[in-house]
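Everything on this sheet refers to the single structure shown next.
The values are calculated or read from the model by the stated rules, or taken from the named source; none is laboratory data. Because the structure is predicted, anything quoted here is derived from the model rather than measured. Here Cβ is always computed from backbone atoms with ideal geometry, including for glycine, and neighbour counts include all displayed protein chains.
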Amino acid sequence: MMIPEKGTISPRPYGRLITMLGEQLIKNEKIALLELIKNSYDADASWVQIRFINFNKSGTSLEIGENSVIEIEDDGIGMTFDTIKDSWMNPAAPYKYIKKKMGEGRTEKGRIMQGEKGIGRYSAFKLGYAVEIFTRAKQLEASEIYLKCDLSVFDDEILAKKGDLSNKPIFIEDVKYDYEIRTSPERIKQQTIVVQGSVIEKQPHGTLIRVSNLKGKWTDEKIRDIFEDCLRLVSPFGSTEFVVDILLNGEYVFLAEEKDKLTNLLNIADIKIDGEVDREGRCKFILNEKKGEMSLLDDLSDDRDIRKRFYDKGGGLKRRPECGSFKFKFYVFEFKRKASLASPLSNDDRELIRSHRTYVYRDGIRVYPYGDPSDDWLGLDIARGLVKAGSYLSNDQVVGYVGITSKDNPDLRDKSSREGLMDIGNAYQDIRVLLLGILGYLNKELKKLKTVIREKGLYIKESVVEKDLSVIENHLNKQKDSEGISTLNRLIKDYHEEKKVFSERVEVVEDLAGVGMAVDAASHDLMIMMTRAAETLNMMIKMAEKDNFDHDKLRGDLDKLRGQFAYIEDQLHGIQPLFRSSRRRSKDLRISDIIDKVKLYYSVPIERRNIKVIVDEKGPPIVVKCSEGIILQVFINLMDNAVYWLTTSTKENKEIKILIDGTKCEVVFADNGLGVRESDLPFIFEPFFSTKGIKGRGLGLYIARQLLWRYDYEINYIIDKDKTVLDGANFLVSFGENNEEGEE
């Protein structure tokens, strides 16, 4: 063929463009689903429901079968055939982008359109090879349009048709969609549907996408993670009616109460700020209900990051921020709360706070991955490592929200991968540094709050009181003040009576302190079931609040709840000895039996972490007369510490060795973990001393010693290397003289 010397040629995309857009440009299944959900949002849907159908459960994993499908349905405006042909079918269709450029970027409901690149629709091919679409436009007597495309007829990269020996690459026009226009709709029609437990009337318009021949791996946790992200999809800066619902094999993944829990926690944050920054860097805010104003560049000029970015070496302001105006909310928590700070936080509260970071919302919809627990986009942890940690708040103690818009922040644009903002020019780093400056300001405010608390002298140590009483007594004796001495004696008597009452209460706390730990350690499945039962109950409450709830579903959930509580009741019988009522009864106990129970309680973490536990008993059995709950709690604390430190160890062969010596009536409890540092040895049995960081209670060893002292037993740390069993931590529990030489 003769090639002309001059002419024109046109690009002709290969079919693999579709898989590159869907499979490679979209990071994972979660991002894929969120892209499709955003399309429903742009379509003015009031609800979108994601259904995982015919998934086989295997433990916490979900196995994909031949009949497994994922459906995404909404009640949006739907699509006409012309919209499908001219826009939806074509990659990078500029329809939404053109509307935005023409100032028509809002939907009929006033929502600002999210998509504009024209590739989000191909997210469906990240989920599976075959995609079916049912859609019906919001027009009078509109027909239902059905499309189907199955990429499984091509090889994985759509280079050629399967079985084509020539291996000739296909072009994008060779990827065909079969369609059918149905005047009698099959799926998109007026009928009732249950969304988040409420029966609603489904409108005769919207879109349903069904994906089959699925890819990837799915688990319960993965689906729950997606739904939790859906709860955070819509901005807290406004109120948009948009509900996301997820069903797994017809069962609701109904975790909306998590959002309520977080809202309640944000209300009791130690520092709360709600503000807005203009394009010049001037900030108006409300800090703990007090209004304030400042210039971030002028008033925070001592902040190292702001000074470095916006000031020259001579100290002069070289430029203003280029990020544009934005809104923000920050909630700061002091985990080591004292009396006049907000109410104490439970471990669950702290974990919930730590699962949130600083989110970014553009035009009311979240920008991913900002806000994920693993995403330190502000660089707080890095700053704490490079500079003095106390100069910055920790990521764990801050929940934040940042609101930007396409109009006011044109240079803060999405990456094509749908993950994050592009770091081009100054805009991205400018907003990041300004937010760090605000957090630095909040860190100083938190320190002021804690200083005020300390200055109030809310905590008086017992030893200080007794020392002062002794000084007063000596002074009165020298003065021979009999009336003063008499008054002081009454005061000392009252003090010791109050101290006795306090000690009795501490004893009760010591008895109960290990119950929660024991329940957690004794049965991982029990804790899971309690969580499931609470979710079921919360779902039923939510359903009952609806005017027209699904009665059959409610009855089914009642049966489920009854079964869950029956399981919990059976499991609690196994840990009954740990409860305070059971501790009052002393009986002859064989220490080897106690060790066996503790091993059973910890069987799940021991097996999961591949820890080898060796119990070696020599001499006669150790039999003590004591409360079973007391001895159980001592060894539970030792096992809990050993498992924790072995988990943090990098050793391949993790080991716990328990030597029961009936002749000496003592037990050595050892592990080959990190051991105890010499500088920490004087403090390990002191209350609230812990080397586990924020996860440590600092009470385990203290309570173990206190409990043993009640029966004149002892626990000590083995310092002499010749007496240690393993090269980690070695504890010696001594029971005095053996009560019996043995028992049958």
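Details
For every residue, the table says whether it meets (1) over 32 Å from the mean Cα position of the chain (by Cα); (2) touching a residue at least 60 places away in the same chain (Cβ under 8 Å); (3) on the phi > 0 side of the Ramachandran plot.
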site	(1), (2), (3)
W645	no, yes, no
T650	no, no, no
A670	yes, yes, no
R705	yes, no, no
Y713	yes, yes, no
N716	yes, no, no
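- Among (1) under 26 Å from the mean Cα position of the chain (by Cα); (2) surrounded by 14 or more Cβ atoms within 10 Å (Cβ to Cβ), the one test that S325 misses: (1)
- Near pairs, Cβ below 7 angstrom, 6+ apart or cross-chain, from the range 377-388 (under 20 Å from Y401 (Cβ atoms) and at pLDDT 75 or above) to any residue that is outside any loop (DSSP other than H, G, I, E, B) and charged (D, E, K, R): L378/R432
- Yes/no for I606 being surrounded by 15 or more Cβ atoms within 10 Å (Cβ to Cβ) and at pLDDT below 65: no
- Scanning the range 609-625 for residues that are in contact with a Lys or Arg (Cβ under 8 Å, 6 or more places away or on another chain) and surrounded by 16 or more Cβ atoms within 10 Å (Cβ to Cβ) gives I611, V613, P621, I622, V623.
- Considering residues of the range 362-375 that are without any contact (Cβ under 8 Å) to a residue 40 or more places away in the chain and surrounded by 16 or more Cβ atoms within 10 Å (Cβ to Cβ) only, the residue nearest to E35 (Cα to Cα): D372
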